[in-house]
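Notes follow once the structure below has been shown.
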Amino acid sequence: MSFDFEKVLTFGASGTIGSYIDFGSRPTHAECDITDADAVEEVVARYKPSAIILLAGATDMTRTEAEPAYAYELNVRGTYNVARAARSHGAVMVYASTSRVFKGNKPDPYTEDDLPEPETHYGRTKHIGEIITATLVPKHIIARTSWVFGGKIQNDTKFYGKVFQQLQSGQSEIVGLNDVHGSPTYGKDYIAAIKTLMSEGNFGTFHVANLGIATRYDLASAMALQIKPDAVVRAVGRSFFPTGSPLPTNESIASKHITLRPWQEALVEYLNEEC
Ligand SMILES: NC(=O)c1ccc[n+]([C@@H]2O[C@H](COP(=O)([O-])OP(=O)(O)OC[C@H]3O[C@@H](n4cnc5c(N)ncnc54)[C@H](OP(=O)(O)O)[C@@H]3O)[C@@H](O)[C@H]2O)c1
């Protein structure tokens with residue numbers, strides 16, 4: 001089945017994952033604020049998309065935990081506005097969700113069969129966003145991911161950007177947590193997987209992550225190997241970094257339907273080709 005990606009409308013295309021959207025209409029935040037229901041309806045009515053990808057949301061987890069209203073405004077109200085417009089215009093909706101919908105204490109990677117039990121405002125609001133999407137939009141794809149790398153690394157103020165900056169500036173020792181596990185995922189592979197699901201008309205909830213699990217220590221070590229092989233990477237435990245919210249011990253996900261390449265291969269490609 002052929003799918004016309006020029007008829008896709010994406011909210012949040014200027015972000016990390018959105019930087020791999022090279023098709024369709026991509027209104028900026030300034031052109032359409034998803035928390036403004038009238039603005040969302042106007043944009044959707046204008047473009048008449050066959051599908052809407054929602055990447056825009058509250059992604060600053062320090063802020064979502066300090067300001068729950070910020071998380072609810074974007075991830076709940078914003079998602080509701082987009083889902084309502086998708087429904088009324090008969091569009092497919094793709095909702096980018098997160099492994100943070102899970103409690104984070106399972107010994108193995110979470111699969112699509114596990115029940116969400118979020119512990120944070122971020123996780124709860126993303127879970128509510130999933131429920132809104134699934135309830136309002138008959139043809140939906142909920143694509144959960146985790147620990148995404150991609151886009152301009154200089155714009156990344158989180159883990160990958162910080163480690164890159166530390167290694168580039170010649171810092172001889174960097175630290176990485178070795179007691180929190182996740183599924184590193186290349187934004188480029190995530191978008192490719194979503195495109196496949198869309199073109200196959202495959203709807204439902206999916207885990208979309210590169211193969212394998214890692215700790216931040218594993219990731220920092222893999223990055224050092226590419227950027228500054230003589231850097232010392234030191235493993236530390238969760239108590240080393242004070243955070244505003246409890247960190248889960250396991251954010252890794254696996255899919256019963258989708259297999260992407262190993263994260264190590266994807267990370268090397270990202271560092272060599274984009275950084
Ligand atoms: N990155 C990850 O590791 C990860 C993991 C799991 C799930 N996800 C989910 O994947 C999605 C995309 O993540 P990301 O890391 O690519 O996010 P990001 O880099 O923070 O980008 C967010 C995007 O949303 C836009 N945006 C923010 N507020 C908006 C508003 N009120 N109205 C319209 N647009 C708005 C931003 O535009 P401006 O910059 O102009 O405001 C930006 O384009 C999010 O829903 C996130 O929950 C991400």
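Where a number appears in this text, it was derived from the coordinates with a stated rule and is not lab data. Predicted, not measured: the structure shown is a model, and the values here were computed from it. Glycine also receives a Cβ, built like all others from the backbone with ideal geometry; neighbour counts cover every protein chain displayed.
Proximity of backbone amide H atoms, modeled 1.01 Å from N, is registered between Thr98 and Thr145 at under 5 Å, excluding neighbours fewer than 5 places apart on the same chain.
In this structure, the amide hydrogen of Ile253, modeled 1.01 Å from its nitrogen in the peptide plane, lies closer than 5 angstrom to those of Tyr110, Ser183, counting only residues at least 5 positions away or on a different chain. Explain nothing, just the number: relative contact order of region 21-170, from Cα pairs under 8 Å at least 6 residues apart, as a whole percent. Rounded, it is 23 percent for region 21-170. Taking amide H atoms as placed 1.01 Å from N in the peptide plane, the amide H of Val148 lies under 5 Å from those of Thr185, each 5 or more residues away in sequence or on another chain.
Estimated from the Cβ-Cβ distance and a Förster radius of 30 angstrom, the FRET efficiency linking Ser172 and Phe241 is about 0.90. In a simple Cβ point-charge model (Lys, Arg +1; Asp, Glu -1; nothing else charged), region 1-131 has a dipole of about 160 debye relative to its Cα centre.
Evaluated over the Cα positions of region 115-229, the convex hull gives a direction-averaged projected area, one quarter of its surface, of 8.7 nm². Taking one quarter of the surface of the convex hull spanned by the alpha-carbon atoms of the chain gives a direction-averaged projected area of 13.6 nm².
Please determine, in degrees from 0 to 90 and to the nearest 10, the orientation of helix 159-168 with respect to the longest principal axis defined by the Cα atoms of the chain, where the helix direction is its Cα long axis. Taking the Cα atoms of the chain, the angle to 159-168 is about 40 degrees. Relative to the dominant Cα principal axis of the chain, helix 216-227 is inclined by about 80°. Segment Thr35..Glu67, full-extension length gain: 9.9 nm, with 0.36 nm per residue of separation and the alpha-carbon distance subtracted. Taking other C-beta atoms within 10 angstrom as a stand-in for reagent exposure, Ser239, Ser88 fall in the order Ser239, Ser88, fewest first. Electrostatic tally near Ile132: other residues with Cβ closer than 11 Å to its Cβ, Lys and Arg +1, Asp and Glu -1, net +3. For region 1-66, the orientation-averaged shadow of the C-alpha convex hull comes to 5.4 nm² (one quarter of the hull surface).
Here the extension length gained between Arg261 and Glu42 equals 74.9 nm, from 0.36 nm per residue of separation less the Cα-Cα distance. Identify which of Asn250, Asn75, Asn155 has the largest mean-square fluctuation in a Gaussian network model of the chain, with springs joining Cα atoms closer than 10 Å. Result: Asn155 has the largest fluctuation of those listed. Panel order for Leu260, Leu219, by other beta carbons found within 10 Å of each beta carbon, from fewest to most: Leu260, Leu219. Across the chain, the relative contact order, built from alpha-carbon pairs under 8 Å that are at least six residues apart, equals 20 percent. Applying the Karplus relation 6.51 cos²θ - 1.76 cosθ + 1.60 with θ = phi - 60° to region 262-274 yields 3J(HN,Hα) values of x, 4, 4, 5, 5, 5, 4, 4, 4, 5, 6, 9, 10 Hz, where x marks Gly and Pro. Across region 194-203, rounded Karplus estimates of 3J(HN,Hα) from the backbone phi angles (6.51 cos²θ - 1.76 cosθ + 1.60, θ = phi - 60°) give 5, 4, 5, 4, 5, 6, 8, x, 9, 10 Hz, Gly and Pro being marked x.
Spatial offset of region 152-203 relative to region 208-275 amounts to 7 Å, using the alpha carbon center of each. Cα centroids of region 28-43 and region 44-86: how far apart, whole angstrom? Each part reduced to its Cα centre gives a spacing of 10 Å. Sorted into 5 angstrom bins from 0, the C-alpha pair distances of region 24-177 split as 2, 9, 16, 18, 18, 15, 11, 6, 3, 2, 0, 0 percent.
Computed across region 49-126, the Kirkwood radius stands at 13.5 Å (inverse of mean 1/r, all Cα pairs).
Percent of C-alpha pairs per 10 Å bin in region 196-243, short distances first: 19, 30, 24, 18, 9. Look at Arg87, Arg144, Arg234 and count the other Cβ atoms within 10 Å of each Cβ; fewest to most, that gives Arg234, Arg87, Arg144. Karplus-derived 3J(HN,Hα) values for region 106-123, using 6.51 cos²θ - 1.76 cosθ + 1.60 with θ = phi - 60°, are 6, x, 10, x, 6, 10, 4, 7, 6, 8, x, 7, x, 10, 10, 4, 4, x Hz; glycine and proline are entered as x. Under the simplified labelling scheme, the Glu274-Glu112 pair shows an inter-label distance of 2.5 nm, with each label point 7 Å from Cα along Cα→Cβ.
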